[in-house]
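Structure first, then comments.
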Amino acid sequence: MATRGTTDAAPDREPPAAVTRGNGLNAIMGAAREIFAERGYHGASIRDIAKGAGLSLSALYYYYNGKQELLHALLEDALADVFHGCQTALGAAGDDPAARLGAFVRALVEYRVRRQVDSLLALREIRNLEPDRLDGFVERRDALARLLREIIEDGVARGVFTTPYPDEAQRAVLGMCNAVAQWYRPSGGLSVDDLVERYVHLSLTLVQGGSPTRA
């Protein structure tokens, strides 16, 4: 969740009336997402984001000190969403490694479709995070890969997965799921349900596992 900027706003300052009336935080996030996606980080201006949100520059600065903080907030919000979705899916999947792998892949692919723009922003704009923000973000992002690695390692240890290359399988599964945001188009004739089932099948093929059961 975004935090209020500290440079231009005192801790006890009340939000401007226009922000409260217009749900300004959501408007700011939506405008920033659209403008960053269209123009890139360096092509976007904080003034244009404020204009896109229908707010004054001072109203935007109540929440964010600038576009660096805003980019970081967007990426962190999306990362928290995908991580929560995968954890929730795994919590409902039971103990079987094949079912857990299917649940993880299903949650990740559905997320990449549902938040396609955010996924592309993370891919393209992460390089524009300042070093202190980048380090923490990468550490939290890598926790998602560790979840998948644990599933595959557990499956190998229990003889459910027979791949001799668990590390490569983990990278391949994660890479192909993440790439969905780059090519999938709802108008292309492939439904999300069919897409998910294909990716679950491909993932299980990579680890040489069986067919998962739905939670």
Might you work out the accessible area of His72 for me, using a 1.4 Å probe with all protein chains in place, and round it to the nearest 10 Å²? 40
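Charges only on Cβ, +1 for Lys and Arg, -1 for Asp and Glu: so what's the dipole of the chain about the Cα centre, in debye to the nearest 20?
Dipole magnitude for the chain comes out near 500 debye.
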Rounded to the nearest 10 Å², the accessible area of Lys67 at probe 1.4 Å: 50
What do you get when you divide the Cα radius of gyration of the stretch 18-95 by 2.2 N^0.38 Å, with N the number of residues? 1.33
Can you show me the helix-derived [θ] at 222 nm for the chain, built from DSSP H runs with n ≥ 4 at -39,500 (n - 2.57) apiece and divided by the number of residues, rounded to the nearest 500. -22000 deg cm²/dmol
Apportionment of accessible area to carbon and sulfur, the stretch 84-215, percent (1.4 Å): 51
Would you mind checking the tilt of helix 131-157 against the longest principal axis of the Cα atoms of the chain, expressed as 0 to 90 degrees and rounded to 10? 20
Highest GNM mean-square fluctuation among Tyr64, Tyr165, Tyr111, for the chain with Cα springs under 10 Å, belongs to Tyr165
Computed over the chain, protein heavy atoms only, probe 1.4 angstrom, the accessible area per residue in square angstrom equals 52
Computed over the chain, the distribution of all Cα-Cα distances in 10 Å bins, rounded to whole %, is 8, 30, 28, 19, 11, 3, 0
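The values are calculated or read from the model by the stated rules, or taken from the named source; none is laboratory data. Computed from a predicted model, the values in this text were never measured in an experiment. Ideal geometry is used to build each Cβ from the backbone, glycine not excepted, and the neighbour counts take in all protein chains shown. In case anyone asks, the SASA skips ligands and DNA or RNA and just uses the protein heavy atoms, side chains included. Shrake-Rupley method; radii C 1.70, N 1.55, O 1.52, S 1.80 Å.
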